[in-house]
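The values are calculated or read from the model by the stated rules, or taken from the named source; none is laboratory data. Model, not experiment: these values are computed from the prediction. Because the Cβ atoms are built from the backbone with ideal geometry, glycine has one as well, and the counts that use them run over all protein chains shown. Calculation scope for accessible area: heavy atoms of the full protein, side chains included, ligands and nucleic acids excluded. Shrake-Rupley method; radii C 1.70, N 1.55, O 1.52, S 1.80 Å.
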Amino acid sequence: MFTETRGNDTLKPKSVPFSYALLNPSASFGGLYVPENLPKIDLDFLESATKKSYKELTIDILKRFAIDIEDSIIAQAVALYDHFDDASNPAPLVQIKEDLYVNELYHGPTRAFKDMALQPFGHILSHLTQKNKEDYLILAATSGDTGPATLDTFADKENIRVVCLYPDGGTSDVQRLQMTTQKSKNLKIIGIHGNFDDAQNALKTLLASPSFNAKLTQENIKLSAANSVNFGRIIFQIIYHIHAYVALLKQHKVELGKPFYTIVPSGNFGNALGAYYAKKMGLPIEKILIASNINNILTDLINTGIYDLRNRKLLLTTSPAMDILISSNVERVLYDKFGAKRTKEMMDNLKNEKIYQLSPDELASLREDFDAIYCDDTFAKGTIASFAKEGYVMDPHTATCLSAYENLKQKNIPCVLCSTAEWTKFAPTMFNAIQNDMKKYSDKEALEGFSKALHVKIPECINTLFSQPIVHGKVIDKKDIEVEIFNFLKNKS
Ligand SMILES: *Cc1c(COP(=O)(O)O)cnc(C)c1O
């Protein structure tokens, strides 16, 4: 069963099953749902996992969470990993240095790690809406990766319509085309004048708007969200961390029970939270190293215990999926360590004063599991270029992890970094990095230039984007979103 990070307001149920948390992701007082208990995995489990496939491991872990989803539905959901590049191994672990491994999480249909969770999550959520015979509107705001992955997973699903907001000019050409060329009738993609924060704020305003919700109720439509505040995504993000260790065991790179580091390029902290839960469940993670870009609010929190939004402005970088100041999933760690009362206090402080502060004891507890560092775009580009020279291609988000590897790793044990996107989604930055120039390339030019220079293939699903018709060309002002959504729901556009 699942409970709430900020305690209960007596209006919502106190303890809910998995399916409820999926369909209704916002808990009392604006909190989030979290598992009441985490299952344990021991060394026997890890040892036996070396004989299992990724899918079998996923099913075993989900069973331990005792979720209220039928086995047959879970089996169908994890079968979606068969569409990844290698059906037998959706998340390959690749060695790039003596003690450094990359957990490649981007081999799914939209070429970013969001597919690892959204593919199975989408299947389970649509099953629930059909079973309950309810129509749902799923809202998503994206800086570029969540959008395509959400649209892909819900395309043509019955009982579900998706409206996805993206900042016009704020994504790469590839990311924009992955959305605007979507043909499925149940999807609507809207460009917004403004940046990602504007898109995200517009979405939060709608989710909380009584009049918007009342109008949806009139139409018999329920509202949900597909971002990583939904625990249905987090549960699938625990598994690949466990799988990475199992892969190290299989490759005889670590002895059973001996620790390893993991490095996570972080934005909304969903990926890092998955690692934290895996560690609590018994996975021998020495420490979770959090990598950020110059939007380094997580670095500050983990080093000083202070989360301070005052005088902070979002800065645009070449790792846009990490350009974020309000990192939602930190709350779940705070709850796990300090309980609901204290979490609500800190989250209220953040809302009212734009700051919260951990006590020295609380900070020490956080630092038992995490350490953190950030780097700038110059470092990331230099890293891309030097690895490219040695034949390994990593995207600009993954490249931020090298700063953590070089500065925070203290013990001589294996280190796994999470690679969150394929280079093809950020081709202009990639080409700039290897050319060591600052020219403005289109995605198409950069894809071709980079692919030629390094002899790497561009997958068909990226190449074909450029010749497909744009179905969703509209870019509008924030104030017009609501009208646009209802026109879509009434099939007027
Ligand atoms: C979403 C994303 C991130 C950040 O992941 P979180 O779970 O939000 O911390 C990092 N890199 C890429 C490429 C992403 O798409």
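Here are a few things to note about the model shown:
- Out of GLN175, GLN182, one residue alone is of a type in the set (S, T, N, Q), within 16 Å of the ligand (Cβ to nearest atom) and at pLDDT 95 or above. It is GLN175.
- Yes/no for ALA244 being touching a residue at least 40 places away in the same chain (Cβ under 8 Å) and either closer than 18 Å to HIS123 by Cβ or touching a Pro at 6+ places or on another chain (Cβ under 7 Å) (or both): no
- Region 136-156, subset part of a helix (DSSP H, G or I) and open to solvent by less than 10 Å² (accessible area, probe 1.4 Å), residue nearest to PHE196 (Cα to Cα): GLY147
- As a summary of the residue check, GLY282 satisfies the conditions (1) away from the ligand (no atom under 12 Å from the Cβ); (2) over 18 Å from GLU331 (Cβ atoms); (3) open to solvent by less than 10 Å² (accessible area, probe 1.4 Å); (4) of a type in the set (Gly, Ala, Ser) except for the one numbered (3).
- Residues being closer than 25 Å to ARG367 by Cβ, hydroxyl-bearing (Ser, Thr, Tyr) and within 16 Å of the ligand (Cβ to nearest atom) are represented in region 299-311 by at least one member.
- Scope region 244-264; condition touching a helix residue (DSSP H, G or I) at 6+ places or on another chain (Cβ under 6 Å) and open to solvent by 10 Å² or more (accessible area, probe 1.4 Å); matching residues: VAL254, LEU256, GLY257
- For region 233-279, a residue qualifies if it is under 12 Å from the mean Cα position of the chain (by Cα) and away from the ligand (no atom under 13 Å from the Cβ), and exactly one does: ILE235.
- Segments classed as helices (runs of 4 or more DSSP H), wholly inside region 433-493, with at least 2 members that are open to solvent by 50 Å² or more (accessible area, probe 1.4 Å) and modelled with pLDDT of 95 or more: 443-454, 460-463
- Selection within region 394-416 - within 21 Å of the chain's Cα centre (by Cα) and part of a loop (DSSP other than H, G, I, E, B): MET394, ASP395, THR400
- Remark: pairs (first residue in region 205-234, open to solvent by less than 70 Å² (accessible area, probe 1.4 Å); second residue acidic (Asp, Glu) and more than 14 Å from the ligand (Cβ to nearest atom); Cβ separation under 7 Å; 6+ apart in sequence or on different chains) = LEU206/GLU482; PHE212/GLU482; ILE221/ASP135.
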